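Colleague: Would you mind keeping the following structure in view while I ask a few things?
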Amino acid sequence: MPVVLRQGNEALKPETARSLSAGLAVSVPFYRDLTFTVDYWRIRQRDVIASVTVASQLLYDEELLDGAVRKAVTGGTPVAQVNLGSGTPAYVGNPKVVRDPITPADIADYQAYNATRPADQQRAPVGAVRSVVTDYVNLAGRETEGLDFGVELRLPRTAFGQGTIRGDAGYLLTAETQADAGAPRVNNINRDGRTRFRGNIGGTWRVGRWSAGWITYYYGTYVDTGASTTKEIYDALGRPDYISSYVDSGGVRRYRYLVTAFATHSAYLNYAFPAKRGSLLSDTSVRFRVNNVADAEPPLADEDSGYRRGAGTNPRGRVFEAQVSRRF
């Protein structure tokens, strides 16, 4: 097992950021009760302070090594002759990962591995991981960019009441990080909880002293980089849709678990009693609410809890709530 080093970093520099945003709201000329909004935003950060996990450090190390191998092989160097500098100051992988020098046993293991792989999946030998540093670091940069959309429709008033429909959605255009100056930019869209698309839509209806509402939250699919497999297994399984095949920022094709989209629904019903002098229920309202109406479970992910926290998930099952309030 490698040694994990966690330590402070006196060389940390403060973060800096530049942001840009612009928006537009339009009411339809022939129907003023229909409004559309769109907002563009961009944030560029430098010297981003981040705490990098062991899994993230090793994943970055893997991508750098695979990218270096592909570049060398494309240039005409046989994979067995590619020198990745394992165990030396010239190591081309993640500088936060220290590896031992290559041993004859390592060479034999990589030769056996490459013998069962096509040329585009073969790897050059490296030594075993000796240690991994997971302290706080300044990333060279991070850039995020996206669009937010909104719509609101107020329905005509009728004898049966009046309703309103509202919806919001976010679409991620860019989500890139750069660990060090000169290092390749890593695209984080649809990776580890950073889904490209998310949104919600709902409506309310009022008639007399009754009101009711419904809202649906949606969170799109994303790749879980902690759960990977090989092309052989992917093909043997019949190329299932729960495995994502994509080319990473280093130009290497990966096969990783695809976390399914997640949607939850909530609803409420409210009644407001009239204000009557001497009535115990004067100015009292009663609300009944159901969260997670369909009792949906969060999608499976490679995490200690079995799902990813903070990725639009709701670990609670169906919840019933009752509320009584009075205005004095």
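Colleague: Take the residues in the stretch 142-177 that are surrounded by 14 or more Cβ atoms within 10 Å (Cβ to Cβ) and β-branched (Val, Ile, Thr), then tell me which one is modelled with the lowest pLDDT.
Modeller: Applying the filter and picking the extreme gives THR177.
Colleague: From the set of residues in the stretch 262-293 that are surrounded by 12 or more Cβ atoms within 10 Å (Cβ to Cβ) and assigned to a loop (DSSP other than H, G, I, E, B), which is modelled with the lowest pLDDT? Give the derivation first.
Modeller: Step one: list which residues in the stretch 262-293 are surrounded by 12 or more Cβ atoms within 10 Å (Cβ to Cβ), which gives 262-273, 281-293.
Among the residues that remain, those that are also assigned to a loop (DSSP other than H, G, I, E, B) are: 273, 281-283, 292-293.
Working: PHE273: 89, LEU281: 76, SER282: 79, ASP283: 82, ASN292: 94, VAL293: 95.
If we take residues in the stretch 262-293 being surrounded by 12 or more Cβ atoms within 10 Å (Cβ to Cβ) and assigned to a loop (DSSP other than H, G, I, E, B), then LEU281 is modelled with the lowest pLDDT.
Colleague: Here is a further query. Please determine, by comparing only the residues of the stretch 26-52 that are of a type in the set (A, V, I, L, M) and closer than 23 Å to LEU153 by Cβ, which one is nearest to the chain's Cα centre (by Cα).
Modeller: Of everything passing the filter in the stretch 26-52, VAL38 is nearest to the chain's Cα centre (by Cα).
Colleague: OK, next. Assuming PHE273 fulfils every condition listed in (1) over 30 Å from GLY182 (Cα atoms); (2) within 16 Å of the chain's Cα centre (by Cα); (3) of a type outside the set (Gly, Ala, Ser) apart from one, which condition is it?
Modeller: Condition (2) is where PHE273 drops out.
Colleague: Would you mind finding the one in ALA296, ALA236, ALA311 that is surrounded by 15 or more Cβ atoms within 10 Å (Cβ to Cβ), without any contact (Cβ under 8 Å) to a residue 60 or more places away in the chain, among the hydrophobic types (A, V, I, L, M, F, W, C) and out of contact with any helix residue (DSSP H, G or I) (no Cβ under 7 Å at 6 or more places or on another chain)?
Modeller: That would be ALA296, the only listed residue that is surrounded by 15 or more Cβ atoms within 10 Å (Cβ to Cβ), without any contact (Cβ under 8 Å) to a residue 60 or more places away in the chain, among the hydrophobic types (A, V, I, L, M, F, W, C) and out of contact with any helix residue (DSSP H, G or I) (no Cβ under 7 Å at 6 or more places or on another chain).
Colleague: Continuing with the same structure: Show the residue pairs meeting these rules: Cβ distance below 6 Å; 6+ apart or different chains; first residue within the stretch 279-291 and among the acidic types (Asp, Glu); second residue surrounded by fewer than 16 Cβ atoms within 10 Å (Cβ to Cβ) and part of a loop (DSSP other than H, G, I, E, B).
Modeller: Close Cβ pairs satisfying both conditions: ASP283/ALA275; ASP283/ARG327.
Colleague: Do any strands (runs of 3 or more DSSP E) lying entirely in the stretch 187-234 carry at least 2 residues that are at pLDDT below 90, and which ones are they?
Modeller: Strands (runs of 3 or more DSSP E) meeting the threshold: 222-228.
The values are calculated or read from the model by the stated rules, or taken from the named source; none is laboratory data. Note that the structure is predicted; figures quoted are calculated from it, not measured. Backbone-built Cβ (ideal geometry, glycine too); neighbour counts: all protein chains shown.
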